[in-house]
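Everything below concerns the one structure shown next.
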Amino acid sequence: MLRHRVTAVESLEEEPMGSGTEDLVTMEYPTIRSTTTETIRNRIINGAYPPGARLIEHRLATEFGTSRNPVRESLRVLETEGLVETTPRHGTVVSSFTTASAEDMFDVREVLEPLAARLAVERGDAVQDRQLSVLVGDIEVASACKDEATLARLHRSFHELLIGMAKNESLTDALRPLQRRTQRVVVTNSEVLGSHLWQDHISLANAVLEGDVESASNYALRHVASARRAYLRATS
């Protein structure tokens, strides 16, 4: 994604002309926007902003202590990810998805996630292997303790790391939004989904760490199939 540079009009909201802070605003704006985007995204995924909730720019800007520009840009990013939608009458709201649209997403994930797992085996480096090993240990502990909040966070970290290990930008662009949209189901129905989903993650990770391309691909496919069944059970 190209770095967004603050225009003269936008910078007037932050500092008066001639203040000598234009470069500072240019440097800080992407950080403000990325932080705002991540915060809103996490709230949607965690269920703090439920489907249909209105996201009002000026209220969010006041809460985050910033202008409306970073908030507006954040909502645009989240719209491309399918987490929010904008309509003329209702403004920006947290998106909902039907069973049919969820099935469509799982269909695509069943194709892309085995590919991601295979590429993770082939392209992951030593640092990422260590990070994955630590994540597996954390998942085992959180699963044993039934720490649902931690498991939800680890679930996202796990899939983000696997995508990173694949080192394929086109795959990342296609798969990450799908995972983030279905992540909401995991967070809000973690007790219903069952411990077998976490075992799927552990088995997949172990296959990647062992360099077993075929097993990693098979475990990834099985994980998505299990997630699909769990999702339908949790939302029926």
> So, of the residues in region 168-189 that are polar (S, T, N, Q) and either at pLDDT 90 or above or part of a helix (DSSP H, G or I) (or both), which turns out to be surrounded by the fewest Cβ atoms within 10 Å (Cβ to Cβ)?
Replying inline: Ser170
> Can you find a residue in region 190-208 that is assigned by TED's automatic domain parsing to the domain that holds Gln128, modelled with pLDDT under 75, of a type outside the set (Ser, Thr, Tyr) and not in a helix (DSSP H, G or I)?
Replying inline: yes
> Taking region 111-165 on its own, how many of its residues are closer than 18 Å to Gln199 by Cβ, free of Cβ contacts under 8 Å to residues at least 60 places away in the same chain and acidic (Asp, Glu)?
Replying inline: 3
>> If a residue counts only when it is at pLDDT below 90, of a type in the set (Ser, Thr, Tyr) and outside the structural domain of Leu162 (by TED's automatic domain parsing), which helices (runs of 4 or more DSSP H) contained entirely in region 2-116 have at least 3 such residues?
In response: 22-45
> Is there any pair linking a residue in region 208-232 that is within 24 Å of Val134 (Cβ to Cβ) to one that is not in a helix (DSSP H, G or I), with Cβ under 8 Å and at least six apart or on different chains, and which?
Replying inline: Val208/Gly124
> Name the residues in region 117-140 that are over 15 Å from Arg156 (Cα atoms), surrounded by fewer than 17 Cβ atoms within 10 Å (Cβ to Cβ) and either of a type in the set (Val, Ile, Thr) or not assigned by TED's automatic domain parsing to the domain that holds His196 (or both), would you?
Replying inline: Val127
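The values are calculated or read from the model by the stated rules, or taken from the named source; none is laboratory data. All values derive from a computational prediction rather than experimental measurement. Please note: Cβ atoms are built from the backbone with ideal geometry, for glycine as well, and neighbour counts cover all protein chains shown.
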